[in-house]
Amino acid sequence: MEFPVQYIDDQAELKKVVDHLLNKESIAIDLEFDKNHYRYGFNLCLMQVFDGETCFLIDPLGDLQIETIFPVLENESISKLCFAFNEDMRLLTYMGAKVRSICDLAIARIITGKEALSLSNTLVDELNLKEQISQQKSNWFQRPLTKEQKHYAALDVIDLYDLKSTLFDQLNEQGRFKWFEEEMQQFEAQNWEAAPFEIVPEKDRKDLTLRQWMRFEVLMNLRDEFSKALNRPAFKVIDKNIIKEIAIDPKNLEKWSNTKRIHPKYRNDRIKKQLRDALKHVDLDIANRNISAHESAKKRLSHEEKLLRNQRRARMNKLKEDFFKPVKIRLSERIGDPLTNFILSNRRIQEIAYGQTELLPYQRDLIRKIAEDLGLNIPEII
């Protein structure tokens with residue numbers, strides 16, 4: 001490896017690194033984390049920081065306080081080079097850091113008009129580097145880290161300066177650098193404080209009656225408590241399908257002690273009684289609310305709400321067909337499919353139509369010019 005790598009797992013060492021980084025104009029950063037795979041929750045396992053000369057592998061599981069580096073992350077004068085930083089941003093926000101001056105090179109590449117690729121494939125495509133063997137799915141909690149893990153972690157940051165130079169040259173040649181700046185401003189302004197993962201997956205509602213959903217919700221929250229206590233991911237403590245089977249028919253709880261895919265610590269009569277007591281409270285609530293056996297878990301809409309929903313859908317479909325469809329075709333001819341689909345994905349069009357998001361200035365200008373060329377009436381939302 002061309003650059004020195006320092007492994008930081010001590011508070012005094014981290015303090016020296018932070019004092020050093022606070023004098024830098026930019027750093028490259030990446031995180032290795034575990035999201036309910038090896039342990040419970042959303043956990044930082046390693047932070048990689050490269051200042052252009054030295055790569056620091058900062059071990060949050062070592063004898064240090066990772067919050068010590070937050071002043072670097074929150075300093076607006078220090079640019080943070082990164083790649084596909086959404087989940088990293090969500091984790092850092094969850095940990096309490098308010099990261100500023102993000103420069104996400106995955107978005108920079110999309111703004112140049114190219115398809116989204118992994119970092120490894122992007123480095124192959126942009127810098128003609130050799131594709132690396134991924135260690136992303138390895139166990140980043142294990143200590144000591146393997147030589148391969150450290151090598152992979154360092155490679156996630158040490159080429160970002162060269163990648164920035166290449167992509168920024170392309171953006172400037174295309175006259176799109178301001179587009180990228182607008183995207184980064186919007187990126188930082190997003191609400192990153194949403195829950196890091198769903199304890200009770202909303203998608204499961206459609207498969208259950210309201211009675212079953214109420215049982216399912218209570219049991220899933222109990223599973224989360226068990227998982228937290230054991231510090232293991234929920235799926236390794238109790239299989240979700242077992243929870244669902246009990247929610248559908250509580251009689252299935254009788255097989256609890258002999259059911260596989262339940263952690264041995266919880267496959268006992270004490271836990272069985274705890275679940276049974278929880279179900280009794282749910283059934284009492286069901287009786288008090290007089291909920292029928294076949295009532296759907298999906299939220300019922302009033303006649304007026306259904307009418308309003310259908311009107312909104314009709315307006316959106318007309319808007320998509322009459323305006324966005326021809327605009328997307330012409331926009332693809334001008335800037336290519338990848339960037340067009342980034343700007344006007346089906347989800348983004350729906351959010352625009354429903355007033356849930358606003359176009360950035362460069363996006364609005366592009367769409368307006370094309371609409372004028374096509375002789376289309378520009379909707380007020382644009």
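Looking at the range 1-53, the DSSP beta bridges with both ends there are about 100 percent antiparallel. Whole-Hz Karplus values for the range 334-343 come out as 8, 10, x, 5, x, 6, 4, 5, 6, 6 Hz, taken residue by residue from phi with 6.51 cos²θ - 1.76 cosθ + 1.60 and θ = phi - 60°; glycine and proline positions read x. Only lysines eight or more places from K325 in sequence, or on another chain, were considered; those with a Cα closer than 18 Å are K369. In order along the range 221-235, the phi-based Karplus estimate (6.51 cos²θ - 1.76 cosθ + 1.60, θ = phi - 60°) of 3J(HN,Hα) comes to 5, 5, 4, 5, 5, 4, 5, 5, 5, 8, 6, 10, x, 4, 5 Hz; Gly and Pro are listed as x.
Amide H contacts for S26 (H built 1.01 Å from N in the peptide plane; partners 5 or more residues away or on another chain; cut-off under 5 Å): S79.
The distance between label points at T54 and Y161 comes to 1.4 nm (points 7 Å beyond Cα on the Cα→Cβ vector). Each peptide in 112-120, 279-287, 305-313 gets a packing score, the mean of other Cβ atoms within 10 Å over its residues, and the list from highest to lowest is 112-120, 279-287, 305-313. Amide hydrogen proximity for I8: with H placed 1.01 Å from N in the peptide plane, the residues at 5 or more positions away or on another chain lying under 5 Å are L57, I58, D59.
Shape annotation for the range 5-189: C-alpha extents along the principal axes are 47, 34, 31 Å, from largest to smallest.
Using a Gaussian network model of the chain in which every pair of alpha carbons under 10 angstrom is joined by a spring, one finds that among N241, N43, N139 the greatest mean-square fluctuation is at N241.
Note on R347 and R100: the model spin-label points, each 7 Å out from Cα along the C-beta direction, lie 2.9 nm apart.
Straight-line reach from K203: taking Cα to Cα under 22 Å and skipping same-chain neighbours fewer than 8 places apart, the lysines in range are K35, K236, K240, K244, K298, K299, K306.
Counting Lys and Arg as +1 and Asp and Glu as -1 over every other residue whose Cβ lies under 11 Å from the Cβ of D9, the net charge comes to -3. When Rg and Dmax are taken over the Cα atoms of the range 202-288, they come to 12.3, 36 Å.
Inter-label distance, K280 to H151: 6.0 nm, where each label sits 7 Å from its Cα along the C-beta direction.
For E372 and A229, calculate 0.36 nm times their separation in residues minus their Cα-Cα distance, and state this gained length in nm to one decimal. List each step's numbers first, then the result.
Details: separation 143, 0.36 × 143 = 51.48 nm, distance 6.05 nm.
The E372-A229 span can extend by a further 45.4 nm.
The phi-based Karplus calculation (6.51 cos²θ - 1.76 cosθ + 1.60; θ = phi - 60°) puts the 3J(HN,Hα) values of the range 205-217 at 4, 5, 8, 10, 6, 5, 4, 5, 5, 5, 5, 4, 4 Hz, whole numbers, x for Gly and Pro. Taking every DSSP beta bridge that has both ends in the chain, the antiparallel portion is near 55%. Dividing the summed -39500 (n - 2.57) terms of all DSSP H runs of n ≥ 4 by the residue count of the chain sets its mean residue ellipticity at 222 nm at -15500 deg cm²/dmol.
What residues of the range 318-339 lie in the reach of a label at K299, counting those whose backbone N is under 14 Å from a point 7 Å from the Cα along Cα→Cβ? Zone members listed by number: none at all. Only Cα pairs under 8 Å and 6+ residues apart enter the sum, and on that basis the relative contact order of the range 5-189 stands at 23 percent.
Averaging 1/r over every pair of different alpha carbons in the range 102-260 and inverting the result gives a Kirkwood radius of 20.2 Å. Scanning residues 5 or more positions from E358 or on other chains, none has an amide H under 5 Å from its amide H, with H placed 1.01 Å from N in the peptide plane.
For percent of Cα pairs over 33 Å apart, computed directly from the structure shown, the correct entry in (i) 23; (ii) 50; (iii) 31 is (ii).
For the ranges 174-183, 294-303, 350-359, 216-225, what's the packing order if you count other beta-carbon atoms within 10 Å of each residue, average per peptide, and put the highest first?
Details: 174-183: 16.7, 294-303: 10.8, 350-359: 14.5, 216-225: 18.9.
In decreasing order of mean packing, 174-183, 294-303, 350-359, 216-225 become 216-225, 174-183, 350-359, 294-303.
Summing Lys and Arg as +1 and Asp and Glu as -1 over all other residues whose Cβ lies under 13 Å from the Cβ of N258 gives a net charge of +3.
Only bridges with both residues in the range 5-189 count here: give the DSSP antiparallel percent, nearest 5. Can you show the working numbers first?
On the way: 12 of 23 bridges.
DSSP beta bridges in the range 5-189 are roughly 50 percent antiparallel.
Across the chain, Cα pairs under 8 Å and at least six residues apart give a relative contact order of 15 percent. Of the peptides 251-257, 31-37, the ranking by mean beta-carbon count within 10 Å, highest at the top, reads 31-37, 251-257.
Values quoted throughout were computed directly from the atomic coordinates according to the rules given, and no laboratory measurement underlies them. Note that this is a predicted model, so its numbers are computed, not measured. Reconstructed Cβ throughout: ideal geometry from the backbone, glycine too, with neighbour counts over all protein chains shown.
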